[in-house]
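What follows is a set of notes on a single structure, which appears directly below.
The values are calculated or read from the model by the stated rules, or taken from the named source; none is laboratory data. Source: prediction; values computed, not measured. Neighbour counts are summed over all protein chains in view; Cβ atoms, including those assigned to glycine, are modelled from backbone coordinates with ideal geometry. Side chains are part of the model used for accessible areas, which takes the heavy atoms of the whole protein and leaves out ligands, DNA and RNA. Shrake-Rupley method; radii C 1.70, N 1.55, O 1.52, S 1.80 Å.
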Amino acid sequence: MNPTAVVSSRSYTYHPSLTFHTSPPHSPLSAFTFRLPFQPSLNTPLVNPIHKSHTRFSKVCAAAAAAERDRYYGLAESPAKALRRVLELPGLHQGPACFDALSAKLVERAGFQYCFTSGFSISAARLGLPDTGFISYGEMVDQGQQITQAVSIPVIGDGDAGYGNAMNVKRTVKGYIRAGFAGIILEDQVSPKACGHTQGRKVVSREEAVMRIKAAIDARKESGSDIVIVARTDSRQAVSLDESLWRSRAFADVGADVLFIDALASKEEMKAFCEISPLVPKMANMLEGGGKTPILNPLELEDLGYKLVAYPLSLIGVSIRAMQDSLNAIKGGRIPPPGSMPSFEEIKEILGFNTYYEEEKRYATRTNQPSSQRASSSRYSIQQRVQDYTEQRGQSPQDPIVEVITPDVYNNYGADGSRDPFSQIWSRTLRIKITGRDGFEKLDVRIPAGFLEGITNIVPALGGVNIKELLDDAADEVGGKLLVDFSDTMGDRIQVFLE
């Protein structure tokens, strides 16, 4: 057995002959062989071009080995454990912020090891409202559960200020654990809280801020979970840099797993933050488009000492602009250009249609055919609707009904245009609409106009209306035309359109 260990790293190159072995206790196999899935040059030494550290590579291999042992024994890795494994890997780890299940799936497909949820973006996407305290705990948990169920990578949830006092913080943490989050960010703002880069930020007292983190850790213990607690302070803008550094140290002392000061104003402040509590990982926030924190590239952030970095607005921001551009195109009588959006096939692949079809085949029965095999039976659906309508109107089952056949049998009836005198009518559609006297729609179907040829030849006038004559007159007209519009004896309005 030679399982491949997929080791994720930013800038390593490996010698192709390198292997390492690990023997799980009581394993029936003598060893696992891990082969690295890369094709480097034979002359490439095993180095990190930035730090040239073999130790860092050893940590990567150890983490991969631990994950492989868990898979071997069938142990399900919790989301929190997967995130902690990321934290143990060397280097900086980038995490885009998603706002729904689809954006999370795209993050995973792009190859990121984890992602964040953004309260700012979820408030925008779910409510269409600013991140000023409108969105509730219940809405965030519901959105988060949809996100975590859509992906296999760990997700760090935005827990805002815990939605109340210390007891509410405990409830929030336990709810996020049940929702499948790997981590939770908790901050020290007063309620209602808001984006840390907006004006008027205020924070609770030192004592209350620390108590929130202690409550979160207690909730984790009570739940038997190992969810990662990210302790955030907004006191840099609300009070001072010194206050934010003091609070971060206090958070680390009570057991926070990751520290985060939002809205640091310079590279020097960021460096000062990374120098406190050196054993606790630090998180950066690169607010795109004009926040208070300078935008640094991943190498610069790693050199300062950061372990995680969030990009909170990239996905929601480009989505807003793309939708605006598309709406402007549609309003101008155009559709978005092909290069601005994926093809329909790509969309289906992203959403999992192809995977669904393959799995559907495994459970197909005679009465439960796959979707692709059900298309030929569509002609019966309209017939059933007509039959249901006649029964509603009090007709007996023996009363004659008209079978309406959908366009997948055109050619069986001469849809190639070879039949006269209706050859030009085959490209047109008849829409039959019946609206009850109560205003509710009872029937709305479309059929190829050419199907009426046989009927109108036999019974040219129906209900006092010569449909054949109307069709003959309208056959050469371009555009839609209302052929019939009357109310029957029961007060239902019947309309027939030629489209």
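Using just the Cα positions, wrap region 115-167 in a convex hull and report its mean projected area in square nanometres, one decimal place.
One quarter of the hull surface, i.e. the mean projection, equals 3.9 nm².
Dipole magnitude of region 271-346 about its Cα centre, charges +1 at Lys/Arg Cβ and -1 at Asp/Glu Cβ only, in debye to the nearest 20?
300 debye
Of the peptides 301-308, 136-143, 165-172, how do they stack up when ordered by the mean number of other Cβ atoms within 10 Å, highest first?
301-308, 165-172, 136-143
Taking the Cβ-Cβ separation of Ser191 and Thr429 as r and a Förster radius of 41 Å, what is the calculated FRET efficiency to the nearest 0.05?
0.10
Taking each pair of distinct Cα atoms in region 267-339 once, what is the resulting Kirkwood hydrodynamic radius in Å?
After inverting the mean inverse Cα-Cα distance, the result is 14.8 Å.
Give the peptides 482-494, 338-350 in descending order of average Cβ contacts within 10 Å, highest first.
482-494, 338-350
Report relative contact order for region 120-271 in percent, whole number only (criteria: Cα-Cα under 8 Å, sequence separation at least 6).
20 percent
Rounded to the nearest 0.05, what FRET efficiency do Arg206 and Glu275 have when you use their Cβ-Cβ distance and R0 = 25 Å?
For Arg206 and Glu275, the calculated efficiency is 0.75.
Got a sec? Which residues in region 283-327 would a label at Glu346 touch, if it sits 7 Å along Cα→Cβ and we count backbone N under 20 Å?
Of the residues in region 283-327, 314-327 have backbone N under 20 Å from the label point off Glu346.
Quickly rank 330-336, 95-101 as a protection proxy: mean count of other C-beta atoms within 10 Å, highest first.
95-101, 330-336
Which whole-number percentage describes the relative contact order of region 194-287, with Cα contacts under 8 Å and a sequence gap of 6 or more?
28 percent
Testing the spin-label approximation: label points 7 Å from Cα along Cα→Cβ at Gln324 and Tyr356. State their distance in nm.
With each label placed 7 Å out from Cα toward Cβ, I get 3.3 nm.
Given a 1.4 Å probe and every protein chain left where it sits, what share in percent of the accessible area of region 149-301 is carbon and sulfur?
Carbon-and-sulfur percentage of accessible area, whole number: 50.
List the relative contact order of region 214-346 as a percent without decimals, with contacts defined as Cα pairs under 8 Å and 6+ residues apart.
Result for region 214-346 is 17 percent.
So if each residue of separation counts as 0.36 nm, and I subtract the Cα-Cα distance between Leu102 and Thr365, what length gain in nm does that give?
Difference between extended and current length: 91.6 nm.
Separation between the Glu469 and Ser152 pseudo-spin-labels, each 7 Å from Cα along Cα→Cβ, expressed in nm?
7.0 nm
Can you tell me the accessible area per residue over region 119-162, all protein chains present, probe 1.4 angstrom, in square angstrom?
That works out to 37 Å² for each residue.
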